[in-house]
Each structure stands twice: as C-alpha cells, then as structure tokens.
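Worksheet for the structure shown next.
The values are calculated or read from the model by the stated rules, or taken from the named source; none is laboratory data. Because the structure is predicted, anything quoted here is derived from the model rather than measured. Note: ideal-geometry Cβ built from the backbone for every residue, glycine included; neighbour counts use all protein chains shown. Side chains included, ligands, DNA and RNA excluded: accessible areas come from the protein's heavy atoms. Shrake-Rupley method; radii C 1.70, N 1.55, O 1.52, S 1.80 Å.
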Amino acid sequence: MEEKKIQKVSESIIRLKGVRSMGVIGDPGCEGLGTYNMKVYAGALEECGRDDITLIVGDLVPAGTGHHYQTIRELTEALAENLVYALRGNHDTGAYTEYFGEKNYALLADAFAVVVLDNAMRTFEEEGLALLSKVLSMEEVKQAIIAFHIPVPNHFILNCVSEEEFARLREAYEPWKEKVKYLLCGHVHSGFEDCVDGIPLICTGGGGAMIEDVSKDIRACDVEHHIVHFCEKAGKLCHEIVNLPEDGYGREREDGILRKKLEETVEGELLAHFKYMMFADRAKRRGMSGIANLFRALAASEYYHARNFYSVLDKPAPFLESVETYIPGEEFEQEHFYRMLVDYAKEHESPLAEQAYASAAAAEKEHALLLKEAADMEGFSKDVIYVCPICGYVMAGEKVPERCPVCGGPKKQYEVFEKGI
C-alpha cells in the first residue's frame, strides 16, 4: 500500500532517518479552501518537495469540520511530494486530532529536531512544555526548532501570546537554550524575521491565505506568498525564505483538453456574470430593488466562479511588475483592433456596432494612459476614478467634465471609485 503523505501523528517522539531538510508552509486554509487560495498552497507543496519533509504551521482549514479536514487532506495527498506534518492553528478546531493526531510531538531528524507545540488557544499545554524539556535534554539533540502557531511577543506585531505564556515557554527551554536555533510560527498572513530572547524568530503565514497589512512596518505590498526551507550546512542549521512565483503550479495547464475546457468555462461564467449585471441594472431602473439586489449577488457569484477557474490557468507576472503587462493589450485594442472593427461596421451599415467600438476605443486609450502611470505603483496618485456607466469612458483627476466627452452622459450618473473605499 502506498504510504500516506499527510501524517496522523500517534507518538510523542518520532525518529526520521535520512531526513536532513524541511520545508515549512504557513496558514494555507484559514480564509477558505477555494481554488484561488489552494493554487498558492499547491505551489507551496511543490516548492517544499525539494525537502525531505514538510511542516504546516497551522490553520490548514477555515473551521474544524470533518468536511474541511477531508478536503485539505485529499488535496495534500494529491499534491505533496514528501511526508507532510502539521501543527494545530486557531482555526484548526473540532476534529483536528481525528485527522492529524497528536497536538504536541517531536520530530528527531538526522541533523536537527523539531518540537511541535500547540498554542492555538494562546496558551502552551503542560504536556507540550514537558515534552520540549525532555527532547532538549537528550544527548543526541544538538540543534532544535520550536514550532507553534501563534507568535510569541516580538518587535513587529501585537497579535501574539502574552508575556506570561512566553515566560512559561522560556522556562521550559532555558536549561538547554543553546540548542534552540529557531522559534517558528505562523498565524499572521504575512512574514517577518526577528530575534527574541536571543533566538531567531521566523513568522511565516504566506502559504495560501491572502497577504495582509499587519503593521505599518509590514505591508502586504512588500511581502509575497512564500515558504521556508530549513537544512544543515557545514554542521549548522540554516534557513532560506523562498517566494512563490505567481505563475507557479501549472499541472492543469499541461493537459490540453482540460485547459480548453477551463477556458470555455471561464468564458461561460463571465458571460453569466455580465448577463446578470445587465438585468440588475434594468431592474434597478424600474424600481425593483429586491430583484436588482438578487441579480447583483448572482453576478458576483458567477465572477468568483470565473476567478477560481481562471486562477488554475493564470500565469501572472510578479505583482510589482504586473501593471505594465496590461498596457500592450489596451494599446492594441484602441490603435488597431477596434479601429478595424469600426471601419468594418461602417462599411456594412451597422451603426450601433460602429458606435460601440468607437466609444470603447476612446476608453481603452485612457486605460492605457492610466496603466502607464500605475506601473509605478508606489507613485500612482489618482485617488478618484470616474467611469461613465453609459459608454464606459474613464476619467481621473480632481476636475471632470459635467458630461461624458464620448457619449454625453451626465456627471451625476458617473460611477465613482475612491481610494480606500
């Protein structure tokens, strides 16, 4: 029988012969197990396949039901390339032990030890602290990583356990402190390195959940999805943080038939989104707000379906380089494609199509100009953008015309997009 990749831990101390490296994934599933997030997790598992084992430092699931645990376990079995261990996060409640076993345990590898402690409830369990002392006292253990979910107090964030809880942890490792080479945690949907009690602290939460601003010093735009590699080099335990490429994991893209079907599905979902939005507009104009609200909700649902399917196919550039990749398409549409179709529609006496293409071309020109400015993401200064809902023309700046320069629609109807709203 083929060995299971994701491990259900049944012993407090596990010896792993031949293991000299470990990949670490943080917080893959706490925001949900949708395809959009799970593609990041898939890429993280792929990158961790370079190591001998993988450790997930908590929040595998959004809530601790059997359904969610079964889903993450099946995904992991299908995608992992090595043995996968887990520790419990604050979202990993309910049936955690049924699927993953012990909450406090130690992995004794050839080059280092990893002591996994449960602090999902913001307290360290006595049995875990006793295990930590026992493992560190072993003569064979020379280098150790202490892994838990919620950070200990540090210099960057306040979302951590109390000083009193950290004192309990320190008391447990203090007699053998020289053996503790790293403190390792997750919980925060970002990543940072610090030094706490003279020990390197690595906080990694970039394995699936969307990266967030966590402090004025740690902004979402400065952190990528990532994993952490640990290995021994020249007798010393070392680490490397590796950002996950946004065009990573592409197994489904390699299947020509499936790729075609996914493309067709995205088109179908987006067409449904568009149809529902149009009907919502019609209903709103006729005073049927309840019906309009329903169709806006249905349209949003279809968009998220399309996003999930498209995320499987998507090969985006790194985030900070992404804006400029959209410029050539906008320029081609307004300079060549739409002009050609305007001429064709005119020749074939199709005035509505001619008008639609002409007004779209005017908007695409503005799109390209704004995207060129936005390519400098940090320097982009347009805080308010206006869109004419009649023809789709885009306007930016403090002053905009009283009527749309393309179709003449009144300013009172402009849709307003404001920074931070």
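Quick rundown of the values:
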read-out: Residues (of a type outside the set (Lys, Arg), under 24 Å from Arg20 (Cα atoms) and in a loop (DSSP other than H, G, I, E, B)) located in region 79-117; value: Ala80, Glu81, Asn82, Leu87, Glu102, Asn104, Ala109, Asp110, Ala111, Phe112, Leu117
read-out: Residue in region 271-289 that is in contact with a Phe, Trp or Tyr (Cβ under 6 Å, 6 or more places away or on another chain) and under 28 Å from Glu224 (Cα atoms) present; value: no
read-out: The one condition in (1) hydrophobic (A, V, I, L, M, F, W, C); (2) on the phi < 0 side of the Ramachandran plot; (3) open to solvent by 30 Å² or more (accessible area, probe 1.4 Å) that Phe230 fails to fulfil; value: (3)
read-out: Some residue of region 344-361 being open to solvent by 70 Å² or more (accessible area, probe 1.4 Å), of a type in the set (D, E, K, R) and part of a helix (DSSP H, G or I); value: yes
read-out: Exclusive hit being in contact (Cβ under 8 Å) with a residue 40 or more places away in the chain and at positive phi, set Gly18, Gly32; value: Gly18
read-out: So Thr123, is it among the β-branched types (Val, Ile, Thr), under 21 Å from Tyr173 (Cα atoms) and touching a helix residue (DSSP H, G or I) at 6+ places or on another chain (Cβ under 7 Å); value: yes
read-out: All positions within region 362-378 that are farther than 24 Å from Asp222 by Cα, of a type in the set (A, V, I, L, M, F, W, C) and either open to solvent by less than 50 Å² (accessible area, probe 1.4 Å) or assigned to a strand (DSSP E or B) (or both); value: Ala362, Ala363, Ala368
read-out: Only listed residue being in contact (Cβ under 8 Å) with a residue 12 or more places away in the chain and open to solvent by 50 Å² or more (accessible area, probe 1.4 Å), chosen from Gly89, Gly94, Gly101; value: Gly94
read-out: Test: residue in region 300-318 that is among the hydrophobic types (A, V, I, L, M, F, W, C), open to solvent by 80 Å² or more (accessible area, probe 1.4 Å) and either assigned to a helix (DSSP H, G or I) or modelled with pLDDT of 90 or more (or both); value: no
read-out: Residue check, Lys134 under 19 Å from Ile13 (Cα atoms), within 29 Å of the chain's Cα centre (by Cα) and either open to solvent by 20 Å² or more (accessible area, probe 1.4 Å) or not basic (Lys, Arg) (or both); value: no
read-out: Of the criteria (1) more than 18 Å from Phe148 (Cβ to Cβ); (2) touching a residue at least 40 places away in the same chain (Cβ under 8 Å), which one Thr71 fails; value: (2)
read-out: Residues (of a type in the set (A, V, I, L, M, F, W, C), within 17 Å of the chain's Cα centre (by Cα) and not in a loop (DSSP other than H, G, I, E, B)) located in region 30-77; value: Met38, Val40, Ala42, Ala44, Leu45, Cys48, Ile56, Ile72, Leu75
read-out: Region 158-187, subset in contact (Cβ under 8 Å) with a residue 60 or more places away in the chain and open to solvent by less than 10 Å² (accessible area, probe 1.4 Å), residue farthest from Asp213 (Cα to Cα); value: Leu184
read-out: Qualifying residue in region 400-411 (condition: within 23 Å of Glu324 (Cβ to Cβ), at pLDDT below 90 and out of contact with any strand residue (DSSP E or B) (no Cβ under 8 Å at 6 or more places or on another chain)); value: no
read-out: Residue that is surrounded by the most Cβ atoms within 10 Å (Cβ to Cβ), among those in region 236-253 that are modelled with pLDDT of 90 or more and not acidic (Asp, Glu); value: Leu244
read-out: Elements of type strands (runs of 3 or more DSSP E) in region 379-421, at least 2 residues being of a type in the set (A, V, I, L, M, F, W, C) and open to solvent by 30 Å² or more (accessible area, probe 1.4 Å); value: 384-387, 415-418
read-out: Test: residue in region 151-159 that is under 19 Å from Asp52 (Cα atoms) and under 32 Å from the mean Cα position of the chain (by Cα); value: no
read-out: Options Ala172, Ala147, Ala113; residue that is under 28 Å from the mean Cα position of the chain (by Cα), modelled with pLDDT of 95 or more and either of a type in the set (S, T, N, Q) or more than 30 Å from Glu252 (Cβ to Cβ) (or both); value: Ala147
read-out: Scan of region 196-211 for residues that are farther than 15 Å from Leu158 by Cα and either open to solvent by 10 Å² or more (accessible area, probe 1.4 Å) or touching a Pro at 6+ places or on another chain (Cβ under 9 Å) (or both), ordered by number; value: Asp197, Gly198, Pro200, Gly207, Gly208, Ala209, Met210, Ile211
